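Here is the structure we will look at.
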Amino acid sequence: MFRSKIAGIGKHVPENVVTNYDLEKMMDTSNEWIVERTGIHERHFVTQPCGAAELALPACEKAILRAGIEKKDIDFIIVATTTPEHLFPGTSSFLQTLLDLPGVPTLDIRVQCSGFIYGLSIADQFIKTGQYQNILLVGVEVQSVGLNLNTEGRDIAVLFGDGAGAAIITRSDDKSEILSTHLYGDGRYAKDLWVDAPVGYQSPRISKEMIDEGRIYPKMNGRQVFKHAITKFPKVVMTALKANNWTIEDVDLVVPHQANMRITESVAKRLGLPLEKVFSNIHKYGNTTAASIPLALDDACAEQKLKKGDKVVLATFGSGFTWSSAAIIW
Ligand code: UT7
């Protein structure tokens, strides 16, 4: 068995910044409401047209450079996204073409906010068995084009943003290591945060009626998501600690999926962790779903809150419902 590690990380967000004040001009909302309930001040929206693969490409190039490998060394491309360009094939196929890596296997995974850690777990298994040596793992979202940016969509529209984060997962030859990953899901709550249409069980999959009824936009039972998030996050962090015989005091940094600052604060409190040990950058990007963890890792490194040898726990909760964690030596 080999050991795996995150060897390099990269991020890319669209240049176009959309502040809460910009949203005030599109819908009945206020900067005050958004900041108070979510901690979000601004997010980035693509200038159309820009698909997920195109948005991810610069993040991949940075991650490859930082990992000290060459593009041709990549054995496998895994992309986690909720917002692919097309129904099929997956974003990973388009990304492979942009990277000019024909022949390299590609895999899309669709577990929304938990996508990056699910992908990390998949990559970890392939590295451990020795099948692959260098895996490109991407979390990317182009949420903005699918949001209802009017008052009827405001509960969701103010939360989400676009962005991309990429990581190179390689065989570890030093102390850095992905120690464990822990994946969960409960499909009974699938419709508490979902997009109904296009639907795959009727023809045509999309119609004018569906569009008029707003079935193409995400719908969320916000209270239900919040309630589950604040219990599942601490639990899944504890699972990662127990699996590695760590106490909460051993941990240098917890990097949670950036869903909502109030959720992050509640998780910190329940874990007995000072807020300085729970990374947050939601104020800058909003909720970027599968991109949120790699964006946070990149920013944490840039802000020197994450250093080589640090003990880190990553944790997610989101649509599906899905939730997950990972224990890492950075
Ligand atoms: O990755 C997981 C993604 N999802 C989440 O993490 C979301 C988890 N849920 C939440 O964070 C919270 O439920 C929200 C931030 C989404 C909403 O906060 P809330 O305290 O649960 O508000 P609410 O939905 O109960 O709405 C309170 C009021 C309502 O008005 P009335 O009925 O009291 O008059 C809403 O219509 O706030 C209104 N409202 C808004 N007002 C201004 C809802 N959205 C907005 C908005 N601007 N954007």
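When 245, 281 are screened for being over 23 Å from residue 32 (Cα atoms) and either within 16 Å of the ligand (Cβ to nearest atom) or out of contact with any Phe, Trp or Tyr (no Cβ under 8 Å at 6 or more places or on another chain) (or both), only 245 passes. Residue 43 - would you say it is within 16 Å of the ligand (Cβ to nearest atom) and part of a strand (DSSP E or B)? So residue 43 passes the test. The set of residues in region 178-203 being aromatic (Phe, Trp, Tyr) and touching a residue at least 40 places away in the same chain (Cβ under 8 Å) consists of 184, 189, 194. Note on region 164-210: residues that are in a loop (DSSP other than H, G, I, E, B) and over 30 Å from residue 306 (Cα atoms) amount to 14. Among the candidates 236, 195, 255, 278, the residue that is open to solvent by 20 Å² or more (accessible area, probe 1.4 Å), under 18 Å from the mean Cα position of the chain (by Cα), on the phi < 0 side of the Ramachandran plot and β-branched (Val, Ile, Thr) is uniquely 195. A Cβ distance below 6 Å, combined with a sequence gap of six or more or placement on separate chains, defines the contacts here; from region 106-131, residues that are over 22 Å from residue 96 (Cβ atoms) reach residues that are open to solvent by 50 Å² or more (accessible area, probe 1.4 Å) in the pairs 128/1; 128/2; 130/2. Here 111, 18, 35 are screened, and the one residue that is among the hydrophobic types (A, V, I, L, M, F, W, C), open to solvent by 40 Å² or more (accessible area, probe 1.4 Å) and within 16 Å of the ligand (Cβ to nearest atom) is 35.
No other residue among 72, 62 is without any contact (Cβ under 8 Å) to a residue 40 or more places away in the chain, open to solvent by 50 Å² or more (accessible area, probe 1.4 Å) and not in a loop (DSSP other than H, G, I, E, B) apart from 72. Selection of region 155-189 for residues being small (Gly, Ala, Ser) and open to solvent by less than 40 Å² (accessible area, probe 1.4 Å) yields 157, 161, 163, 164, 165, 166, 167, 172, 176, 180.
Under 30 Å from residue 58 (Cα atoms) and either in contact (Cβ under 8 Å) with a residue 12 or more places away in the chain or within 16 Å of the ligand (Cβ to nearest atom) (or both): is that true of residue 175 in this structure? Yes; evaluated as a whole, the condition is true for this residue.
The values are calculated or read from the model by the stated rules, or taken from the named source; none is laboratory data. All values derive from a computational prediction rather than experimental measurement. For neighbour counting, all protein chains shown are included, and Cβ atoms are generated from backbone atoms with ideal geometry for every residue, glycine included. Remember, those area values only see protein heavy atoms, side chains included, never the ligands or the DNA or RNA. Shrake-Rupley method; radii C 1.70, N 1.55, O 1.52, S 1.80 Å.
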